[in-house]
1. State all residues of the stretch 53-94 that are of a type in the set (S, T, N, Q) and open to solvent by 50 Å² or more (accessible area, probe 1.4 Å); if no residue qualifies, say none.
2. Of the residues Leu45, Leu28, which is modelled with pLDDT of 80 or more and farther than 19 Å from Asn112 by Cα?
3. So which pairs qualify, if the first residue must be in the stretch 91-109 and within 28 Å of Ala51 (Cα to Cα), the second must be assigned to a strand (DSSP E or B) and open to solvent by 70 Å² or more (accessible area, probe 1.4 Å), the Cβ gap must be under 8 Å, and the two must be at least 6 apart or on different chains?
4. Kindly establish whether Thr72 is free of Cβ contacts under 8 Å to residues at least 40 places away in the same chain, of a type in the set (S, T, N, Q) and closer than 24 Å to Leu100 by Cβ.
5. Give the residue that is nearest to the chain's Cα centre (by Cα), with candidates limited to residues of the stretch 95-113 that are open to solvent by less than 40 Å² (accessible area, probe 1.4 Å) and closer than 16 Å to Val66 by Cα.
6. Scan the stretch 40-91 for residues that are charged (D, E, K, R) and either closer than 17 Å to Val128 by Cα or touching a Pro at 6+ places or on another chain (Cβ under 6 Å) (or both) and jot them down.
7. Report, ordered by the first and then the second residue, all pairs with beta carbons closer than 7 Å, sequence separation of six or more or different chains, a first member in the stretch 110-131 that is under 19 Å from Gly61 (Cβ atoms), and a second member that is part of a helix (DSSP H, G or I) and open to solvent by less than 80 Å² (accessible area, probe 1.4 Å).
Amino acid sequence: MSSLQDQLRARLGARQSDAPSEKPSSGLVYSTEHGETCPNCRHPLAACACASLAERERLAGLDGIVRIRRETSGRKGKGVTTLTGIPLEDEPLKELVKELKKRCGTGGALKNGVIEIQGDHRETLKTVLEQHGFKVKLAGG
């Protein structure tokens, strides 16, 4: 009986040692030579290209249709109009957000490529975006 238990312990020990560790190594985040480093590519932040690669991937995954929807969930009942799928890079997208907020006369934000405009301004936003040459769909209820 003990030989069977020894075999099981040996198998379990081998599996545990072969398994990758749950916690990834922290790696270098600051160097006195270069300053802060990117945790993904380990290059100095000034030479890091991770953000531009992520932006290119986001743009490649879009289908060219801007979707406008009104959301209230998680906002304590306050309505917000969200715009997703706008095929613009970061700087032109920020300029567009500025123009849309000014046109609607309300506040808003840009979060991870999604534009949030306070209030229900779906029709206004649709006409403005169509004037800019985007294909627009009203999504949701």
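The values are calculated or read from the model by the stated rules, or taken from the named source; none is laboratory data. All values reported here derive from a predicted model rather than from experimental measurement. For neighbour counting, all protein chains shown are included, and Cβ atoms are generated from backbone atoms with ideal geometry for every residue, glycine included. Only protein heavy atoms, including side chains, enter the accessible area calculation; ligands, DNA and RNA are left aside. Shrake-Rupley method; radii C 1.70, N 1.55, O 1.52, S 1.80 Å.
1. Thr72, Ser73
2. Leu45
3. Gly107/Gln118; Gly108/Gln118
4. Criteria met by Thr72.
5. Gly113
6. Arg67, Arg69, Arg70
7. Listed pairs, sorted by first residue: Leu110/Leu93; Leu110/Val97; Gly113/Arg58; Ile115/Val97; Ile115/Leu100.
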